[in-house]
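Colleague: Take this structure first; my questions come after.
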Amino acid sequence: MRKPFVAGNWKMNTDSHSGVELARAIADGALDAAGHSVDVAVCPPFVYLQAVAGALSSTSIAVGAQDVYCEQKGAFTGEISASMLKDIGCTYALCGHSERRHVIGESDELVNKKISAAILGGLLPIFCLGELLSEREALETDEVVSRQLRNGLSGLDVEKVSAVTIAYEPVWAIGTGLTATPEQAQQVHALIRKLLGEMYGERVAEEIRILYGGSVKPDNAAELMTEKDIDGLLVGGASLKADDFVAIIKSSL
Ligand code: PEP
């Protein structure tokens with residue numbers, strides 16, 4: 001039985017004061033749910049990670065980074081390693097978020113290295129993948145998602161892949177107000193689980209959590225969560241409002 005998992009991606013939002021306030025409000029609102037029936041994480045900007053981790057230290061809400069570099073240390077000006085993130089209290093790191101793939105230009109190969117580096121440094125990667133609108137319209141969704149999945153997990157053995165959470169996030173649904181229908185999302189989640197079964201065996205495939213992300217709101221979360229292969233939600237915009245994020249967490253139970 002996979003435990004639901006809800007993660008909030010704050011993107012490049014909040015400041016040192018409002019980030020801590022938001023974290024506290026989420027912790028207060030989700031007190032009875034987080035950690036017991038649902039795993040919860042928030043992913044603030046790098047510079048506020050430590051403050052938010054401190055504010056959440058007595059709660060069961062975990063902290064994740066929005067990105068991680070693919071090397072552990074050295075001459076990589078401006079980058080942040082998994083061991084540094086672990087050191088300041090991070091549990092998770094997003095790898096391959098669509099904004100990093102399509103705004104910053106990260107390739108499948110780089111995402112793969114980041115996933116491996118995250119695991120090596122003691123973090124749990126949340127591996128994001130998903131198709132563009134043009135790819136969906138050209139009926140290429142399955143091909144794109146399969147390629148991203150295989151490339152992203154390349155070289156990871158069964159033991160390492162158990163550390164990974166996958167987040168299916170159709171790019172056309174991120175920050176657009178367009179949500180995949182539960183059926184559309186379930187179709188892709190089922191494909192991902194089938195591919196995981198081929199790559200790692202049925203048992204491992206049944207254990208790996210696959211989150212859906214893309215304009216999740218309090219009014220669509222519960223319906224998405226009824227689908228068999230949707231194990232949780234990766235939430236952007238709505239995770240910046242404590243009430244909305246708490247409502248989404250509660251809808252995921
Ligand atoms: C995201 O940032 O991963 C995301 C899904 O954003 P939104 O919920 O705003 O679409």
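Taken together, the values in this text are just the output of simple stated rules run on the coordinates, not laboratory data. If you're wondering where the values come from, they're calculated on a predicted model, not measured in any experiment. With ideal geometry, Cβ positions are generated from the backbone for all residues, glycine too; neighbour counts draw on all protein chains shown.
Colleague: Sum up the charges of everything whose Cβ sits under 14 Å from the Cβ of residue 26, counting Lys and Arg as +1 and Asp and Glu as -1, but leave residue 26 out.
Modeller: Numbers: positive: 24, 241, 250; negative: 21, 28, 32, 39, 243, 244.
Local charge sum for residue 26: -3.
Colleague: Across region 230-241, in residue order, what do the Karplus-derived ³J(HN,Hα) couplings come to in whole Hz, using 6.51 cos²θ - 1.76 cosθ + 1.60 with θ = phi - 60° and x for Gly and Pro?
Modeller: 9, 9, x, 9, 10, 10, x, x, 6, 7, 8, 10
Colleague: Alpha carbon centre of region 168-208 versus region 51-87: separation in Å?
Modeller: Cα centroid of region 168-208 versus Cα centroid of region 51-87: 26 Å apart.
Colleague: Turning to a different aspect of this structure: Give me D for region 160-225 in µm² s⁻¹, whole number, from Stokes-Einstein with Rh from the Kirkwood sum over alpha-carbon pairs, 37 °C and 0.692 mPa s.
Modeller: Numbers: Rh = 12.5 Å.
Reported coefficient: 262 µm²/s.
Colleague: While we're here: Which peptide among 59-71, 102-114 comes first, and what is the full order, when sorted by highest mean count of other Cβ atoms within 10 Å? Walk me through the numbers before you get to the answer.
Modeller: Values: 59-71: 21.5, 102-114: 16.0.
Highest-to-lowest ranking by the protection proxy: 59-71, 102-114.
Colleague: Which GluC sites (Glu not before Pro) in region 129-193 sit in a loop by DSSP (not H, G, I, E or B) and have at most 10 other Cβ atoms within 10 Å of their own Cβ? List each step's numbers first, then the result.
Modeller: Values: sites: 131, 135, 137, 140, 143, 159, 183; in loops: 131, 140.
Answer by residue number: there is no such site.
Colleague: Of the peptides 43-55, 228-240, how do they stack up when ordered by the mean number of other Cβ atoms within 10 Å, highest first?
Modeller: Top to bottom by mean Cβ count within 10 Å: 228-240, 43-55.
Colleague: When the convex hull of the C-alpha atoms of the chain is computed, what volume per residue in Å³ does it have?
Modeller: Cα-based convex hull of the chain, divided per residue, equals 114 Å³.
Colleague: Ordered by residue, what ³J(HN,Hα) values in Hz, to whole numbers, does region 129-142 give under the Karplus form 6.51 cos²θ - 1.76 cosθ + 1.60, where θ = phi - 60° and Gly and Pro are x?
Modeller: Each residue's phi maps through the Karplus curve to give 8, x, 8, 6, 4, 4, 6, 5, 5, 8, 6, 9, 3, 4 Hz.
Colleague: Pairs of alpha-carbon atoms within less than 8 angstrom and 6+ residues apart define the contacts here; what relative contact order does the chain have, in percent?
Modeller: Once normalised by length, the contact order is 22 percent.
Colleague: Across region 6-23, in residue order, what do the Karplus-derived ³J(HN,Hα) couplings come to in whole Hz, using 6.51 cos²θ - 1.76 cosθ + 1.60 with θ = phi - 60° and x for Gly and Pro?
Modeller: 10, 10, x, 9, 7, 6, 9, 9, 6, 9, 4, 7, 5, x, 5, 4, 4, 4
Colleague: Could you run the Debye sum over the Cα atoms of region 82-191, one equal point scatterer each and no solvent, and tell me log10 of I(q)/I(0) at q = 0.24 Å⁻¹, two decimals?
Modeller: For region 82-191 at q = 0.24 Å⁻¹, log10 I(q)/I(0) is -1.36.
Colleague: On to the next question. Starting from the coordinates of the alpha-carbon atoms of region 1-83, obtain the Kirkwood hydrodynamic radius over all distinct pairs and give the value in Å to one decimal.
Modeller: Numbers: mean 1/r = 0.0731 Å⁻¹.
Taking the inverse mean of 1/r over all distinct Cα pairs, region 1-83 comes out at 13.7 Å.
Colleague: May I pose another question? Can you tell me the Rg and Dmax of region 103-151, counting just the alpha carbons, in angstroms?
Modeller: Cα only, region 103-151: 12.5, 39 Å (Rg, Dmax).
Colleague: Among the aspartates and glutamates, select those whose C-alpha is under 16 Å from the C-alpha of residue 228, and discard any that sit fewer than 8 residues away in the same chain.
Modeller: Within the straight-line cut-off, residue 228 pairs with 183, 202, 206, 207.
Colleague: Further question: For residue 47 and residue 3, what is the calculated FRET efficiency with R₀ set at 41 Å and r taken between the beta-carbons, to the nearest 0.05?
Modeller: Working: r = 30 Å, r/R0 = 0.74.
It comes to 0.85.
Colleague: Run the reach check for residue 114 against lysines, Cα to Cα strictly under 26 Å, same-chain hits fewer than 8 apart removed. What comes back?
Modeller: The reachable lysines, counting only those whose Cα sits under 26 Å from residue 114, are 3, 11, 73, 86, 160, 194.
Colleague: What dipole magnitude, in Debye to the nearest 20, does region 65-187 give about its Cα centre under +1 on Lys/Arg Cβ and -1 on Asp/Glu Cβ? Could the numbers behind the result be given before it?
Modeller: Details: 10 positive and 18 negative charges, 86 e Å.
So the dipole magnitude of region 65-187 works out to roughly 420 debye.
Colleague: Considering amide H positions built from the backbone, and no H for Pro or chain starts, which residues 5 or more places from residue 95, or on another chain, come under 5 Å of its amide H?
Modeller: Counting only residues 5 or more places away or on other chains, the set is 126, 127, 128.
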